[in-house]
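Read through the structure below, which is laid out as structure tokens, and then see the notes.
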Amino acid sequence: MRAVLLGLALLVPRASSSCFENCNGHGTCDIYSKCNCQDGFRGASCEERTCPFGTAFSDFATADDTAHALAECSGRGLCSRELGICECMEGFTGKACQRTSCNGDCNGKGRCVSMKDLASQTLSDNSVEYAYSTTWDAEKIYGCICDEDHSGYDCSLMDCPDGDDPLTTGQVNEVQLMKCSSDPTLSGTFALYFAGEVSTTISVDASASALESAIEAIKGVGDVTVSFSTGSSTVCSTTDTNVVSITFTQNFGALSPLVPFEDNLLPAGSTITISADGATTQTDWNGVIFNSVKGTKEAGVCANRGTCDYSTGSCECYNDNGDTFASSNSNGAAGTRGDCGYAVTTITACPGETSCSGQGTCDTSTYTCSCQAGFFGGNCALRECPKGKSWFSYPSGNEQAHNDLVECSNMGLCDTSVGLCECAPGFFGEACQYMACGGGTTTPCSGHGQCLSMRHLSWESNLNGDATNYVYGTDPNNYATWDADRIFGCKCDEGWEGYDCSLRSCPVGDNPGTYGENRELQLLRCQATSGTFRLQFRQETTPELSWDITDWELKSVLEDLDSVKRVDVDFSRDRITSSTNSSYHALTSCTTTTTNPYCVATIPGATATTAAAVSGMTLETCKSACDADNTCNSFAFTAGTGACTYYQLNINATTKATASTSIQSYWHTTDPLIKKGVNRMGFCTNSSQTNIASVTFSSPSGDVPPIVVYSNSLALADTSSTTTGSVSIATDGATLGSFTSVKGTTDTETCSGRGTCIWEFGTCNCHTNWGSSDGKGGMGTLADCGFRQDPILTAGS
């Protein structure tokens, strides 16, 4: 009765749509009992939250010089599946970890902005505007625009006054020249930029004193003197050419040029000409020639006669060996500049407790030090830090940046006592020139992967598991790939994933609840009579394989590859239907009309020796008895009497290029003949024969890349000549002989879409009534939740 009830129960149809935990209220259940999750959720039962996506800082190239695709948490953080919030790597911030953070938020002494905003909101040191809005990092790399008198990549340093060395002579101030052709009787205006900073609006009829005041109000200019070359009272003139001389008296060295903003000059077409290169001249209405002058006075920190305390922004003036310096008036006398530019005493030696701190050469005419390489400062007591290409600085051209060499790459602070860069979190290298991999610099990639540059990652790129020839950063004129050798990312070891390789990968497979899909079927045909060949799948290569390898041996070597888990291999000429279809091994004593057909085989010239004869057995016990006897290659079973006879075949080596003294176990339960190892049909044939090998993929699932064949060690010996053997392959619907290959359309889902991945362990927590499969929907060992366990049988057992 129980068996009858069980049989009836199995006939009851399953519900058309019943999803695990009703998709947890975050999705809809389709006809395949599969959850279609709402935005923001994922997983087989919509049990996990997704996190925001952003442009990846590092990833594998998808074409030549093409990378930085969208990635969850921008490839610089892990997603909290419970909350849907990115947990960012140190040094990165934003909802999607999509940008670098500003250390200490610029310490309250500056603004944290993107490269795009830096370009659009400020100007270069020469007051030129460039755009930086379309390059991949325009809104990802952030840095500080520091307030006046503050500096450092994080604005943590207070600048000390600079000044002219009081002991050097024969130097001059910078003089820049200007001519304006606008009509002073009209209401035109202009402005002047200096080192990216702009003046107030200046009227075209401004006097020399008004112009002087406007220029001095520009941030970073200091005091200037302004003079006109004519008796005109206005800066601009249409009748008398007025050359305006602007002398910088407080700002020393070679300076950035003044740059005019001319759009509001009247009449239209009026111009302002600036000469600031030290070579260009201007001529006034009287024919008098004026020369621009480049400044040659030093602009040394603390006038090169003291050491800056960057925590206070004050100079500690030298007082060595009776030589004393103090604050100057900018011209060598005592004053309030705070720059150590005033020699209080008569100077008799170079600074330092020992001359130039023993790390430089003293010029006794000026008592200045020429420091050895790696040292700097007025007394050569400070160590220089390495320089690298800047992470954050004004573009050098439209969409061109990150090419200025600066100390610590503008992503760290220099410890001048030892000459070492203290890098911002997330960066490393002697000059902080590299962006670190996930896991940081202590344990890159969590010890489960390789930390590689973007250039190297491109070499590791693959397309559907197959290696590519993509490169990244080889074109020096492609400024978008500036990061090729500077940004690093993880290539995780097999079985690990995540931006930092900290997550264990779970098995993936076909969702068994869906249907109407095809497993990948690839076809191979070999024509050879001797030699070896190799097969490759997703960069893994088999050992050398014999030309006459059997289908079960071929299956075994393919499944030995880590990239292949389950395949079925069938030979077209191995489907025996008569005693004459095999040109290698003739069959005899075949019975195909009984309930349990059987066959006893011989090989031409071979002797079949009876090993045992037992009555009262079943087909399975007869098979088991043969399996247990290493000498048994074949058996015969009679259903009516239960008679079981099994044999040992002694192979004659004259019929094959190579011969074995034993034939391994081999079964085809779907063939009309039940046989064990008696039909050793090899893969390759001569040119007059045909054998098609069908390789069907169960795992991996989906559309997989073609098997790659290396066949140059095969030989084909026909009646007239010997040539190189060959292996042909057909995939994705192509035909080989009368057979047609099939492109895989099965799913590739984590835990086969029927379980939840436990990322800590890389194991699937299968939903109720689902278990480990064989990749084809049956019970197996893949631990992928791809096997449907009938709930009634489960309960009964």
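The values are calculated or read from the model by the stated rules, or taken from the named source; none is laboratory data. Here the structure is a predicted model, which is why all the values come from computation and not from measurement. With ideal geometry, Cβ positions are generated from the backbone for all residues, glycine too; neighbour counts draw on all protein chains shown. Side chains included, ligands, DNA and RNA excluded: accessible areas come from the protein's heavy atoms. Shrake-Rupley method; radii C 1.70, N 1.55, O 1.52, S 1.80 Å.
For the reader, a short list of remarks on this structure follows.
- Summarising the amide proton neighbourhood of TRP770: residues at separation of 5 or more, or on other chains, whose placed amide H is nearer than 5 Å comprise GLN789.
- Förster radius 30 Å - calculated FRET efficiency between SER556 and ASN36 (Cβ-Cβ, nearest 0.05): 0.15
- The stretch 186-239 shape via C-alpha gyration tensor axes, a/c threshold 1.5: oblate
- Of the chymotrypsin sites (Phe, Trp or Tyr not before Pro) in the stretch 688-797, the ones in a loop by DSSP (not H, G, I, E or B) with at most 12 other beta carbons within 10 Å are PHE761.
- Shape of the stretch 141-185, Cα gyration tensor, a/c cut at 1.5: oblate
- A simple count of charges around GLY300, restricted to other residues whose Cβ falls under 11 Å of its Cβ and scoring Lys, Arg +1 and Asp, Glu -1, yields -3.
- Shape call, the stretch 445-508: gyration tensor on alpha carbons, a/c limit 1.5: oblate
- The simple Förster model, with R0 at 56 Å and r as the Cβ-Cβ distance, assigns ASN264 and GLU353 a FRET efficiency of 0.45.
- Length gained on full extension, THR62 to SER207: 46.0 nm, using 0.36 nm per residue less the C-alpha separation.
- A simple spin-label model places pseudo-atoms 7 Å from Cα toward Cβ; at ASP240 and LEU405 they are separated by 5.1 nm.
- Charge tally around GLN171: other residues with Cβ under 10 Å, Lys/Arg +1 each, Asp/Glu -1 each, net -2.
- Summary of the geometry: the stretch 210-286 and the stretch 38-75, compared by the centres of their Cα atoms, lie 55 Å apart.
- Computed extension length for THR740-GLU82: 232.2 nm, one decimal, from 0.36 nm per residue of separation with the Cα-Cα distance subtracted.
- Note on surface exposure: TRP552, TRP391 rank TRP552, TRP391 by accessible area, highest first, 1.4 Å probe.
- Taking Lys and Arg as +1 and Asp and Glu as -1, the other residues whose beta-carbon sits under 13 Å from that of THR324 total -2.
- The label-point distance for GLU760 and SER505, in a model that sets each label 7 Å from Cα toward Cβ, rounds to 2.2 nm.
- GLU148-ASN126 pseudo-label distance in nm [points 7 Å out on the Cα-to-Cβ vector]: 2.6
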